[in-house]
Amino acid sequence: MDKFSMNQLVLSFLLVVTPLLVNAEEATSTAPDPVLDKRVLAIAEELRCLVCQNQTIADSDAALAVDLRKQVREKLAQGMSDRDVTEFMVERYGDFVLYRPPVKTTTWLLWFGPFLFLAGGLLVLGRALKRRAHTAPTAFLSEAERRRVATLLGTITESKENT
Amino acid sequence: MKRFLLPLLIFASLVIFLAIGLRLNPKEIPSPLIGKQVPAFQLTQLHEPEKMISSADMAGQVWLLNIWGSWCVSCREEHPYLMDLFKLNAVPIVGLNYKDGRQDGIDWLRQFGDPYKVSAFDHDGRVGIDFGVYGVPETFVIDKLGVIRYKHIGPLTPEVITGKLLPLIKELNRG
C-alpha cells in the first residue's frame, strides 16, 4: 500500500465518483455565469407560467416552465437582448405570457378600473354626506314637547324628593 | 324610488360582468399565431428517424397539426375521434410527438392506432414552443398557403370536429 499515497487514493476516488454525481439532464452551458443567470431570472420573473397561471416561470416547476427558462437562457447566451427574448415569448404565447399585463387600450379598464371604482365610491360617499348635512333637523323636539318633558322629569324628581 | 336606481344599476352591471367572466375558461388562451405563417420546423420522422419532415412539405394543401404525447392522458381521450377523422379522409393529419421518447411514441401509436400521415419527433419540445404549446393535446388547422387559421386547445370532441374543424376545412379547400 506504500506505492499509493493517501492523496493519490483520495484523488482517484474523487475522479471516479464525481461524474456519477452529475445530473444526467442535458444542459445548454454548464459553465456558471452569474451575470447571465441574473438576466435569466429577471426575465423569468416577468413571464407567466401558462400551466400554473398564477406563477412566473421563475417560480414554477412545471415542465413547460423549465423548458421556457432554458430557452430564455439559450437566447440570451446567443446574444439576444432582454426585450427581444420577451418579444420572442409574446410572439408565440400572446400577451398573457407577460406576468404584468401590458398597458394597452385593451387593458386600460384592467389597470385603471380599480381607481375609477374608488373615485366613483368617493363621489357617492361625498354626495351622501352632503345630503345628510342639509336635511339635519334644526330641533329635536318641539316647544310643547320640551315643556312636557320638563314637567314629566320635574314630576319624577318631585316624587323622589318626597320619599 | 330614485334612490334605488344607482344600486340597481351597479348590481346589474355586476351581474353582466359575472355572467361573462365566470363562463370564460382561463386555460383557453387565444393564440397569437392565428393568421400568421406556420412556424418553420424540420424534425426527424417518428417512425423513420433517417427521414425528415418539415412544415414546407405540407404546402399547397389544407392540413391539421395535432400535438400529442404517449404520456398525455387527454390525448387518449381524443384519440378515437382522431381515428374517426382519419377514416373520413377529409384532411391529412400530421402529428407532433411532443416531449416524448421515440419508442414510447411508436408503441403508443401501435397500441391505439395511427391517424397520422406522419409524426414529427419533437423530443425537447423546441418546436412546440414555436407553436405556443402549453396544454397538450392541441390541434392547428393550416391552410394551403401555410397560414394557421384555427387552434383548438385540449382534446378534440365530435362537436368540435363536426362543428368547427370540418366546416373550416371545407371552406379552406374551396379557396
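Numerical summary
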| quantity | calculated |
| --- | --- |
| Spatial separation of Cα centroids for segment A:71-146 and segment B:105-175, in angstrom | 39 |
| Beta bridge orientation in the protein assembly as shown: antiparallel %, DSSP, nearest 5 | 65 |
| For the pair A and B, total buried accessible area rounded to nearest 100 Å², probe 1.4 Å | 1500 |
| Counting all C-alpha pairs of chain B, share separated by more than 19 Å (%) | 60 |
| Sequence-separation-based contact order of chain B, relative, with Cα cut under 8 Å and 6+ spacing, percent | 27 |
| ³J(HN,Hα) computed for each position of segment B:151-159 - Karplus, 6.51 cos²θ - 1.76 cosθ + 1.60, integer Hz, glycine/proline x | 10, 10, 9, x, x, 6, 10, x, 4 |
| Value at 222 nm in deg cm²/dmol, rounded to 500, when DSSP H runs of n ≥ 4 in chain B each add -39,500 (n - 2.57) | -10000 deg cm²/dmol |
| Carbon + sulfur, % of accessible area of segment B:32-90 - ligands and nucleic acids excluded, 1.4 Å | 54 |
| 1.4 Å probe, heavy atoms, protein only - residues of segment B:91-129 losing at least 30 Å² accessible area vs chain alone | B:K99, B:R126, B:I129 |
| Amide proton proximity set for A:L47, modelled H, under 5 Å, gap of 5+ | A:I57, A:A58, A:Y99 |
| In segment B:1-78, trypsin sites (Lys or Arg not before Pro) in a DSSP loop with at most 10 other beta-carbon atoms within 10 Å | B:R23, B:K51 |
| Accessible-area ranking of B:T44, A:T151, largest first, probe 1.4 Å | A:T151, B:T44 |
| Helical segments meeting 15 Å axial Cα length and Kyte-Doolittle -0.5 threshold in chain B (DSSP H) | B:5-21, B:73-88 |
| Average accessible area per residue (Å²) across the protein assembly as shown - probe 1.4 Å, nucleic acids and ligands excluded | 66 |
| Whole-Hz couplings from phi, Karplus 6.51/-1.76/1.60, listed for segment A:89-105; x for Gly and Pro | 5, 5, 4, 8, 10, x, 4, 4, 6, 7, 5, 9, x, x, 8, 10, 4 |
| Listed pairs A:K70/B:K99; B:K51/B:K117; B:K51/B:K170; A:K38/A:K75; A:K130/B:K2 exceeding 19 Å between Cα atoms | B:K51/B:K170 |
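The values are calculated or read from the model by the stated rules, or taken from the named source; none is laboratory data. Bear in mind that the values here come from a model prediction, so they are computed numbers and not experimental data. Cβ sites come from the backbone with ideal geometry, for glycine too, and all protein chains shown count toward neighbours. The protein model used for the area step is the full one, side chains on, heavy atoms only, and it has no ligands, DNA or RNA in it. Shrake-Rupley method; radii C 1.70, N 1.55, O 1.52, S 1.80 Å.
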